[in-house]
Amino acid sequence: MNATESISIKAEANISDCGKYRYWLSRIWDESKPIGCFICINPSKATAIYSDQTMGNCNNLAAAWGWGGFYIVNLFAFMATDQSDLKKQRDKVGPLNNKAIKYICEKSDVLVLAWGNEYKSRAREVLSLLVDKNLFCIQRNKGGGFLHPNRIKYENFPQPVSVDIG
């Protein structure tokens, strides 16, 4: 006999009216469990319906860690699949990104820093929004930055991390 597994997943993407900025993305399947938040560099083209590699990896990590879902926010809200496009953009952050980061991080139980080594000045700005929060990372990379979800294994669990915003 076969068993059928079924689950409802609430998927959201908060995208600017102009379509250039994505402020957050989420997949929530069990609100009785912890909800995590990955803080990455910038969004690509994933939406509420379309998943990319990062979205799939975050989904699998969240499930492996026993979470009931997750959010993704980014240092920069400008959507770009190529980092060179991000670097050329004048307003990478987006007009509502800091507000969105604070809002989503308030709703999340676990905050995972995952933005790599670059953009140290912007990283300090974002960390200043999170001064009262318990912060985690999966692993540090060779340069001391925080590994991105596409570069970690499912058996690695988030560990508390202390950061200096000075």
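The values are calculated or read from the model by the stated rules, or taken from the named source; none is laboratory data. Keep in mind that this is a model prediction, so the values were computed, not measured. Please note: Cβ atoms are built from the backbone with ideal geometry, for glycine as well, and neighbour counts cover all protein chains shown.
Brief remarks follow.
- Candidates Leu127, Leu75, Leu61: the one that is farther than 21 Å from Ile15 by Cα, buried (at least 19 other Cβ atoms within 10 Å of the Cβ) and not charged (D, E, K, R) is Leu61.
- Yes/no for Gly68 being farther than 28 Å from Ser128 by Cβ and either among the small types (Gly, Ala, Ser) or touching a strand residue (DSSP E or B) at 6+ places or on another chain (Cβ under 9 Å) (or both): yes
- Subset of segment 1-14 that is assigned to a strand (DSSP E or B) and free of Cβ contacts under 8 Å to residues at least 60 places away in the same chain - its residue that is surrounded by the fewest Cβ atoms within 10 Å (Cβ to Cβ): Lys10
- The residues of segment 20-46 that are among the small types (Gly, Ala, Ser), part of a loop (DSSP other than H, G, I, E, B) and at pLDDT 95 or above amount to a single one, Ser32.
- Residues that are surrounded by fewer than 16 Cβ atoms within 10 Å (Cβ to Cβ), among the charged types (D, E, K, R) and in contact with a strand residue (DSSP E or B) (Cβ under 9 Å, 6 or more places away or on another chain), drawn from segment 90-104: Asp91, Lys99
- Check on Phe157, over 22 Å from Thr47 (Cβ atoms), surrounded by 18 or more Cβ atoms within 10 Å (Cβ to Cβ) and aromatic (Phe, Trp, Tyr): no
- The set of residues from segment 130-153 being touching a residue at least 12 places away in the same chain (Cβ under 8 Å), out of contact with any Pro (no Cβ under 8 Å at 6 or more places or on another chain) and loosely packed, with under 13 Cβ neighbours inside 10 Å comprises Val131, Gly143, Gly144.
- Residues of segment 45-58 satisfying the condition of being surrounded by 16 or more Cβ atoms within 10 Å (Cβ to Cβ), touching a residue at least 24 places away in the same chain (Cβ under 8 Å) and among the small types (Gly, Ala, Ser): Ala46
- Residues in segment 24-39 that are over 12 Å from Ser108 (Cβ atoms) and either among the small types (Gly, Ala, Ser) or in contact (Cβ under 8 Å) with a residue 40 or more places away in the chain (or both): Leu25, Arg27, Trp29, Ser32.
- One residue alone among Leu129, Leu111 is within 18 Å of Trp67 (Cα to Cα) and of a type outside the set (Val, Ile, Thr), and that residue is Leu111.
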